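The values are calculated or read from the model by the stated rules, or taken from the named source; none is laboratory data. Keep in mind that this is a model prediction, so the values were computed, not measured. Cβ placement follows ideal geometry from the backbone for every residue including glycine, while neighbour counts extend to all protein chains displayed. Accessible surface areas use protein heavy atoms only, side chains included; no ligands, DNA or RNA. Shrake-Rupley method; radii C 1.70, N 1.55, O 1.52, S 1.80 Å.
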Amino acid sequence: MATKYPVPSSDKIFAMSCTNVGVGPGGTTAMLARVSIVDYRGEIILDTYVSPTMQVSDYRTATTGIEPSHLLSPDTPAFSQVQQLVADLIKGKVLVGHSLWNDLSVLGIPHPAVATRDVALYQPFRNALRTPNQVIGLQTLMWHLMCRRCQDGQLHPVENARAALDLYRTVSSEWEGAIAIGNWPSSLPPSTFSRCYL
């Protein structure tokens, strides 16, 4: 029997995480500052800072570890360059992450919804933590489901991408098995971010 969505091979699976700084009044608007992509084995495919397109009003250094020197160095690639690179890398890939709509939004890149595996939206994880309608933080998911700490100090996008990937790998056969028979096992991302999905 042909499945509607064949199970992706491991070379087709990447995980991604972004770190943002704040722009605008009070630094409340997120702007991409660093993006990391790892492959199915957790090997780094891309890990780069991103040159700001606007004046940064809050580097959020206590949580991001990002200093002005990281973003303002002449070696830091331009946003448009990174955006194109990420778009090329994730094209045709199944993208794993946590709250991927935030990452896709700051990158300004849409990705096919059927090719995302968002651990923040995976219903069995939510049910296990008895929060069926809530987005659960990556730190909480990792601690409750894998007894592992992450994001203890500063946010590290490579660590976050690997953590999301580890969560996905623990249930990948069930997750992909459900999708293969047309039974989507995840909640929908927030409707305000529908532009992030194809």
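Answer yes or no: is there a residue in region 26-39 that is acidic (Asp, Glu), within 23 Å of ALA163 (Cβ to Cβ) and modelled with pLDDT of 95 or more.
Checked against the condition, which is being acidic (Asp, Glu), within 23 Å of ALA163 (Cβ to Cβ) and modelled with pLDDT of 95 or more, region 26-39 yields at least one hit.
Can you go through ILE44, ILE37 and tell me which one is in contact with a helix residue (DSSP H, G or I) (Cβ under 8 Å, 6 or more places away or on another chain) and loosely packed, with under 15 Cβ neighbours inside 10 Å?
Step by step, each of ILE44, ILE37 is checked, and only ILE44 is in contact with a helix residue (DSSP H, G or I) (Cβ under 8 Å, 6 or more places away or on another chain) and loosely packed, with under 15 Cβ neighbours inside 10 Å.
Restricting the first residue to region 59-80 and requiring it to be open to solvent by 80 Å² or more (accessible area, probe 1.4 Å), which pairs with a second residue that is among the β-branched types (Val, Ile, Thr) meet a Cβ separation below 7 Å and a spacing of at least six or different chains?
Once the first residue is open to solvent by 80 Å² or more (accessible area, probe 1.4 Å) and sits in region 59-80, its partners that are among the β-branched types (Val, Ile, Thr) give GLU67/THR61.
On the basis of being of a type in the set (S, T, N, Q) and free of Cβ contacts under 8 Å to residues at least 60 places away in the same chain, does SER51 make the cut? Steps first, please.
Numbers: of a type in the set (S, T, N, Q): yes; free of Cβ contacts under 8 Å to residues at least 60 places away in the same chain: yes.
Yes: the conditions hold for SER51.
Scan ASP118, ASP103 and give me the residue that is under 11 Å from the mean Cα position of the chain (by Cα), closer than 20 Å to THR53 by Cβ, at pLDDT 95 or above and open to solvent by less than 40 Å² (accessible area, probe 1.4 Å).
Result: ASP103 is the single residue among ASP118, ASP103 that is under 11 Å from the mean Cα position of the chain (by Cα), closer than 20 Å to THR53 by Cβ, at pLDDT 95 or above and open to solvent by less than 40 Å² (accessible area, probe 1.4 Å).
Regarding ARG169, is this residue surrounded by fewer than 21 Cβ atoms within 10 Å (Cβ to Cβ), in a helix (DSSP H, G or I) and charged (D, E, K, R)?
On the way: surrounded by fewer than 21 Cβ atoms within 10 Å (Cβ to Cβ): yes; in a helix (DSSP H, G or I): yes; charged (D, E, K, R): yes.
Criteria met by ARG169.
Which is farther than 30 Å from ASP88 by Cβ, surrounded by 14 or more Cβ atoms within 10 Å (Cβ to Cβ) and out of contact with any Lys or Arg (no Cβ under 7 Å at 6 or more places or on another chain), of ARG130, ARG126?
Criteria check complete, one pass: ARG126.
May I ask you to say which residue of CYS150, CYS196 is under 30 Å from ALA78 (Cα atoms) and modelled with pLDDT under 90?
Only one candidate passes the filter, namely CYS150.
In this structure, does ILE136 turn out to be among the β-branched types (Val, Ile, Thr), under 30 Å from TRP184 (Cβ atoms) and at pLDDT 95 or above?
So ILE136 fails the test.
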